[in-house]
Each structure stands twice: as C-alpha cells, then as structure tokens.
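Just so it is clear, none of the values below were taken in a lab; they were calculated from the coordinates. Everything numeric here is computed off the predicted structure, so don't read it as measured data. Backbone-built Cβ (ideal geometry, glycine too); neighbour counts: all protein chains shown.
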Amino acid sequence: MRDRPGRDKSECDARMPQRTMPCERRLARLSIYGDIGEASSVTTGFASLPASGSCRLIRTRIPLCLVDGAALAADRDGLALADIAIDDGRIASILPAGTDGIDADHPPVDLDGGIVLPRLVDAHVHLDKGHIWPRRRNPDGSFKGALENVLADREANWSADDVRARMEFGLRCALAHGTAAVRTHIDSLGKQIGISWPVLAELRAEWAGRITLQASPLFGLQFALDAAHMQAVTKAVLAHGDGLFGCVTYMIPEIDQALDIVFRNAIDHGFDLDFHVDETNDPEARALEHIADAVLRHRFAGKILCGHCCSLALQQPRDEASIIAKVKEAGIAVVSLPMCNMYLQDRQAGRTPRWRGVTALHELKAAGVPVMIASDNTRDPFYAYGDLDLIEVLREGTRILQLDHSGTDWANAVARTPADVMGLAGAGRLSPGGPADLILTRARDWTEFFARPQSDRTVIVAGKAIDTTLPDHRELDHLMGAQP
Ligand SMILES: [Zn+2]
C-alpha cells in the first residue's frame, strides 16, 4: 500500500454521492523512513466516507446472524442486502437495500454488495508475550519449547517498558485490522505480577474508546496451592483487573483441590473465570471435565470460558459426548485457537502431522455450548506468526475447522458470542442505536471474503474511518537486543 499513488483526502470528501474509491494521503516522511528516503502514507481502505460521519452505506451485505432489530432476508450465504444509516457515531437504521428514499442528511456511499461486519471481538490473546520471537525463538516448534523459552525471556526481559511497548504494538495491529475488544491473558508469577498488571491498567485507560481491553491472570494451576501466590494475584486483579480470574489447568494429582481454591476465590470476590485447558494431544488430559465438575460442585454462577480443549477431540466418542454434556450443563463457553493449535499440536521432527490440533468445536456447538475462535499468540514461541487480525482468524479457522458447509452463522464466533462472554453490551453485532463500529469489505460473498486477506478493508470507529496502516515490525527492533 505504501507505494500506491496517494489521493488527497479533501478530494475524496468532496465527491458525493461517493462510490467506493481508494483514498490515501501522503504524509510527511516519518523519521523511521528518513534514512532510506521512503515516504509513508495513511490509508483508510477502499471506501471513501464523508468527513461529517453521517452517511448511508447502501447496498451492503451483512451476516443476518449478526443483525438485531431489523427485518431482513438472507441469501444462501446467510447474507442480507441492506442499507445502513450512520449518524453521530451510531447506527441510525438498518433497512432492506433500496428502502430509503432521498435523504440529504445521509449522503449515500455505495458498497456495491460488499460484506460489512461489526468490529470484531478477540476473546483470547497474549499481548504480554507478543513479538518476542526475534530475541527468543521456539527452537523446535514444540509446546515444551514454547513454555521454556517464554519463561526464559520473561525472566530476562519483561520490564514495564518492554511489556508496554509490545502490548501497545499488538493493540495497534488489532485496531487497524478492525478489532473492537480484546481479552488478554497476563503471565502472573513472581515479580511479573507487579510489573505487568499496572501496565495493563494504564493501557486499558489509554485505549478506551478505541479498544475495550480485558485481562485474565495466567499461571500454572499448581500455584493455586500456594496461598501467598493466590493472594498476590488476587490483589493485582482487584487493583488493576476486570473481575476476571484464571490459570492454566494441568492434570496434577491435586487438580480438584486446586480448582476448589480457584473457584472459592472467584465466588468470594465475584470474579468470572477463564482457563487454559487441555492444550495437548494426550487423551488422558481431561481437565475440562474436572472444571465442569467444579462448576457444578460450587454452583458457580459467574461466566466461565475455557480455551483450547484440544484433547477433547481425541476422546472416545462416548466419553467426548458425556464431557460435552457436562460442559453444557455447567454453562461453560469454549474458545478454540485454531492457528496456534495447528502450529503446536501433533508436531514431531521428521513426521508429517496427522491432526489439525483443534477441539471438537462442531460437536460443542451442536450441543448448545457457546463457541468462538480467537487469535491466541502472536510472533512468540507459542506461535511464530499472527497479527491479531480476526478476519485472518475467521478465514484460517474456516479452513482448519471446516466451518464452511456447516451453517451460515460462524461469524458469531468472532463477534457476538465473544462479546456476550466478555459482557460487552452492543459489541459484535449490528443494531439500530448501536455503535457505528464497522469493517467494510469489497467481498460480495464468503468465497470472495476468504479468498483474499481483505487488506483494503475500511474500518469505521464511532462513525469515522480510521487509519488502517499497520505498525512496522522495525519499531520493536530496539527491544530485541542480542538475538540468540
Ligand atoms: Zn492462550
């Protein structure tokens, strides 16, 4: 995008009614490019919107599963042709395409059948681990290699400045891609508790209005048996957190005792819960069932989200069905992390992987369990790639989990469902009166949508198109030091 000829923004604004046109403007050279003499540009994607923020997006296609409060008919892709009026940062109306007459207050912007989504919701990421890959690789792509190398990097490098810079970089990527809300896990052991949680609280405040940021603590379940540790994490969550607690569960001999401590702590403080669960190809790993049992044992009434649950897919069918029934009864929601799972699971040197690494998501959905997919790690030893782009997650998730040919409501998995689990009213859906937080694309159906990365998307926040230029990875070079 950087080398495309620019178009002056005022020229774009003056053209009404607007067709969808590339709209970029050259900015003064940024210092990071000064040495090599290149210019940078701001881009607001393919669509040109009036600067006033009031307009009608006409001939859009919107997933019916994400629409509330509008009577629309869907095509075989579950998409409805609609006109969306935007006023004062909110959606004023959603009507079948062509319903509206002349409306001088809302100049039309013709989307020509392009899919429009609400800004999306990422229910499971690790902003604090993000982008450490250049200084701490995973030597063999294994889960063990990921754990060991993140631990070593954390001990050596995770100062407040380091954590803040990498977390902020991740938030900038997410915003530019069209994400409205993020739940991040925060490594919470020893000295790191006092470093990362205050940074998280600062970033939450600074990013309010752009991205809603939630955080859940992350530590191995065995540390729940350490009263001093539980006290320190609980104190950090109460001071800086979002009423959300969690950890990574393992099949330790004391699993039920440790879960009881975590559940009692959550009930005492009114916390919701978020666990990393069974991220392994070992069918003996059945922490998900232990968590469901704990929910029922404690009559836990808060929201509860379990991530990964990979080994559920490797149970005998009868066992899988009985665990899923318990998960449903316990009111547990499940988030699958397809890109990270496919990277780490079933990896053995010299052997082609036979398993995609993902949980039994279709079976969970069929049983009525709220299911979603999310980004997980970005450019760290758990996942070498990623950019907190939920359109990429939905595209790759569709391929890895075969979400196609199984209903037309999977867009919920990166929008409405995570918004509900995170308690975000109005987010992840399109509704009259709701926020005009939108992603506009040129794709007219799901095959066009998933065929390309939608790099020319326009992202609208509170009725205004934002700069979708991604931060340059070079901005983090100064933190990468001597690279092992
Ligand atoms: Zn995770």
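With a ≥ b ≥ c the root eigenvalues of the C-alpha gyration tensor of the range 297-342, is it rounded (a/c under 1.5), prolate (a/b larger than b/c) or oblate? Oblate. Where only DSSP H runs of four or more residues are counted, the chain gives -9500 deg cm²/dmol as its mean residue ellipticity at 222 nm, each run worth -39500 (n - 2.57).
Seen against the Cα atoms of the chain and their longest principal axis, helix 317-330 is set at about 70 degrees.
Here Leu225 and Asp77 are evaluated by their C-beta separation; at R0 = 35 Å the FRET efficiency comes out at 0.10. Run through the DSSP bridge list for the chain and note the antiparallel percent, rounded to the nearest 5. The answer is about 40 percent antiparallel. Within the range 283-378, report the trypsin sites (Lys or Arg not before Pro) that DSSP leaves as loop and that have at most 14 other Cβ atoms within 10 Å. Passing both the DSSP loop test and the Cβ count: Arg299, Arg354. To the nearest 10 degrees, how steep is helix 191-206 against the longest Cα principal axis of the chain, on a 0 to 90 scale? Result, in degrees: 20.
Straightening the chain between Asp140 and Thr99 buys 9.0 nm, computed as 0.36 nm per residue apart minus the Cα-Cα spacing. When you filter the trypsin sites (Lys or Arg not before Pro) in the range 42-132 for DSSP loop state and at most 15 other Cβ atoms inside 10 Å of their Cβ, you are left with Arg76. Placing unit charges on the Cβ atoms only, positive for Lys and Arg and negative for Asp and Glu, gives the chain a dipole magnitude near 520 debye about its Cα centre. Going by alpha carbons, how many degrees (0 to 90, nearest 10) lie between the helix axis of 287-298 and the longest principal axis of the chain? That works out to roughly 80 degrees. In the range 131-248, a dipole from Cβ-located charges (positive for Lys and Arg, negative for Asp and Glu) runs towards its positive end, and of Phe245, Leu175, Ala232 it is Leu175 whose Cα lies farthest in that direction. Model label points for Ala366 and Met480, set 7 angstrom from Cα along the Cα-to-Cβ axis, are 4.6 nm apart.
Asp404 label point, 7 Å along Cα→Cβ, cut-off 18 Å on backbone N: hits in the range 444-471? It comes to 444-455, nothing else. Taking chymotrypsin sites (Phe, Trp or Tyr not before Pro) across the range 366-419, the ones in a DSSP loop with at most 14 further Cβ atoms lying within 10 angstrom of their Cβ are Tyr385. Quick one: go through the range 322-343 and flag any residue whose amide nitrogen is under 20 Å from the point 7 Å out along the Cα-to-Cβ line of Tyr385. Answer for this model: 336-343. With 41 Å as the cut-off, how large is the P(r) tail for the chain, expressed as percent of Cα-Cα pairs? Summing the P(r) tail past 41 Å for the chain gives 19 percent.
Pairs of Lys residues in the chain, spaced 8 or more positions apart or belonging to different chains, with C-alpha separations under 28 angstrom: 13 in total.
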